Structure formats: C-alpha cells, structure tokens
1. Heavy atoms of the protein only, probe of 1.4 Å, neighbouring chains included. What is the accessible area of residue 221 in Å², nearest 10?
2. Return the sequence-ordered ³J(HN,Hα) values of region 205-210 in whole Hz as given by the Karplus equation 6.51 cos²θ - 1.76 cosθ + 1.60 applied to θ = phi - 60°, using x for Gly and Pro.
3. Run the numbers for residue 38 and residue 285: contour at 0.36 nm per residue of separation, minus the present Cα-Cα distance, in nm.
4. Applying the Karplus parametrisation 6.51 cos²θ - 1.76 cosθ + 1.60 with θ = phi - 60° to the phi angles of region 190-203, what ³J(HN,Hα) value in whole Hz is obtained for each residue in order, glycine and proline being reported as x?
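The values are calculated or read from the model by the stated rules, or taken from the named source; none is laboratory data. Bear in mind that the values here come from a model prediction, so they are computed numbers and not experimental data. Protein only, heavy atoms only, side chains kept; ligands, DNA and RNA dropped before computing areas. Shrake-Rupley method; radii C 1.70, N 1.55, O 1.52, S 1.80 Å.
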Amino acid sequence: MEVAGYSADDVQIDIHVADRKVLLMGEVFYETITIHNETDKPLPPTLLISTSPVGVMKQRGVKVPFVPPYKQVTVSLDVHVSPAASIDDKDPVIIYSYHGVSVISPVPMSFFTRRLSKYQPYHFAAPRFNVVLFGIAGASKSSFVNSALTLLSSDCNALIHRAGVGGSEHHNTHKLAKFDLEGTHMTLWDTWGLTPTTYTSGDLQLLLQGALPNGWDMHDDIGDRPQPGCQQSVHESHQSIRDSRAPHAVLFFIPHGALDKQDETDLIKTAFHQVERMCLLLLLLLFYMVSDDQSPPCLKT
C-alpha cells in the first residue's frame with residue numbers, strides 16, 4: 001500500500017555513485033540511495049523508480065523496504081546509460097521518484113568524458129598526457145583548471161576550487177602547479193601569466209622541456225636554484241624526469257582586449273612562435289567580447 005501526500009520535507013533522498021563500468025552497449029552506474037524518513041510515521045514499502053528523457057537511460061526500479069519513523073534505509077540501484085546519450089541532450093538527467101517525492105540528478109559528467117579515461121600518452125617515458133596552460137596574466141587559466149576538475153569529478157555535486165583565481169591583469173598564480181584529472185591519464189600544468197617581466201630568463205623553454213618541477217616559483221633563479229629534494233639545478237635534471245613532465249600540448253589563453261594592446265600582441269606573437277618551434281600540439285583559446293558593430297581583431301603572423 002502506497003501512501004500519497006509526502007513532500008521533500010518528509011522524505012530526503014541521498015544519491016551516491018559507488019562504482020561504474022563501461023559496457024559494449026553503454027555504461028552502468030552502481031548507486032547507493034539512502035532514504036531518510038523525517039516523519040513520525042513509518043514509510044510503507046514501495047518501488048523507487050529512476051527515469052530519464054528518451055535516449056539517456058532505461059527505466060530502472062528497486063524495492064525499498066519499510067522505513068521506521070526518523071530512520072533511514074539504504075538500497076542499491078544500477079543505472080544503465082545509453083551509449084547514444086550526449087552532453088548536448090536537452091535534459092541529460094536522471095529522475096528518482098519515491099512515494100511521490102522526486103529528486104533530479106545530472107548524469108555524471110564522467111560518462112561523457114569516458115574516452116579520456118582510456119587515452120594514454122604516445123611517449124613511453126611519459127605516464128601521463130601533460131597539458132600546459134599558458135597565456136597572458138588574468139586570462140582565466142586557473143578558472144579553466146577548476147572547471148575541468150569539477151566536470152571530471154566523480155561527485156556530481158562537487159564544485160572544486162583547487163586553483164586560486166582572481167588575478168585579473170596581475171598574477172594570481174606564482175608557482176607552477178600540476179593537477180591530475182580524475183579518472184584519466186591527463187595532467188594540467190597551471191602557469192603564471194605572460195607579461196613583459198616574466199619568462200625573460202629562458203624559463204619558458206625549460207618549462208616546455210619538462211625541466212621545471214611542480215612548485216617552481218616564478219621568482220626562482222633558473223641558474224642557481226636546485227630542484228626541491230635534490231642537489232641538481234634544472235639544467236642538470238635527469239632526462240627521464242624531464243620526459244615525464246614534458247608537455248604534449250599547450251593551451252594558449254588570450255583574454256579579450258589583449259589584441260588591442262600592441263605590447264601584449266607582441267608578447268603573444270613571440271611566445272606563440274617559441275611554443276610552435278617545440279613542435280607541440282598548440283590550441284589558442286581566445287576570450288573576446290565584441291559589440292554588434294565591432295569585429296574581433298586578427299592576430300597576424
């Protein structure tokens with residue numbers, strides 16, 4: 001017997017993805033679902049049903065037993081997501097219904113990025129695919145790191161802020177920082193911003209060679225400072241260590257308005273050609289806002 005009239009104040013539904021497996025015909029998320037009875041009356045047994053828009057997943061259900069007053073019960077549910085599901089779907093969500101109470105949960109972003117989990121570097125000496133985030137100061141490099149960490153987190157409700165943001169045209173990032181992307185073989189390297197006073201001592205070339213370690217400060221002396229925990233300078237670091245840190249790709253961040261300033265345009269061009277000479281995969285990310293009667297400027301070679 002199902003009792004109608006329950007509300008979100010009476011029943012709390014907590015959802016946690018315990019595990020997942022990639023199958024030939026899609027992906028399965030094994031979830032633990034905890035039902036909290038917030039009333040002074042027992043909740044009779046009934047089905048908890050998971051549904052979604054057409055094409056995202058198959059409807060699934062699990063029997064929830066009797067829940068005593070002010071107690072909780074945990075059940076397990078396997079959610080089968082279709083391989084045809086796309087992040088571009090109108091509503092890539094899962095809806096859980098129990099005693100008339102519904103909870104909407106997004107399809108875990110890890111489903112849409114499952115190809116990344118299988119990708120590995122082509123260089124045998126590099127266990128991870130290294131991506132350097134480089135560009136003008138205040139170009140949202142650190143914000144990009146936080147967005148990537150959040151989207152790839154196994155926690156659907158996580159909002160990650162591991163990389164400090166808010167530098168504007170000044171430096172918020174002062175040290176080289178590495179961030180491993182959860183569930184992948186990829187690592188993002190956040191760098192300090194490009195200005196007329198930075199990257200003037202050969203540190204950009206050393207960075208692109210993998211010679212600078214995690215935690216290297218933008219004010220450190222390239223010639224004198226040994227790497228943390230050893231007596232070698234960056235020029236003497238072992239080749240295998242360099243290979244493991246050497247970037248495979250560079251994301252070059254250019255903020256809107258930078259191309260209106262000749263000094264910053266010159267910096268961008270010089271750094272661009274330096275990265276290009278290293279034969280790295282290079283992607284320009286241009287953040288530019290224009291009005292209806294204005295067209296964006298061109299970055300000519």
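1. Looks like 80 Å² after rounding.
2. Running phi through 6.51 cos²θ - 1.76 cosθ + 1.60 with θ = phi - 60° gives 5, 5, 4, 6, 8, x Hz.
3. Values: separation 247, 0.36 × 247 = 88.92 nm, distance 4.94 nm.
Extending this stretch completely gives an extra 84.0 nm.
4. So the J values, rounded to whole Hz, are 8, 10, 6, x, 7, 9, x, 9, 10, 6, 9, 10, x, 6.
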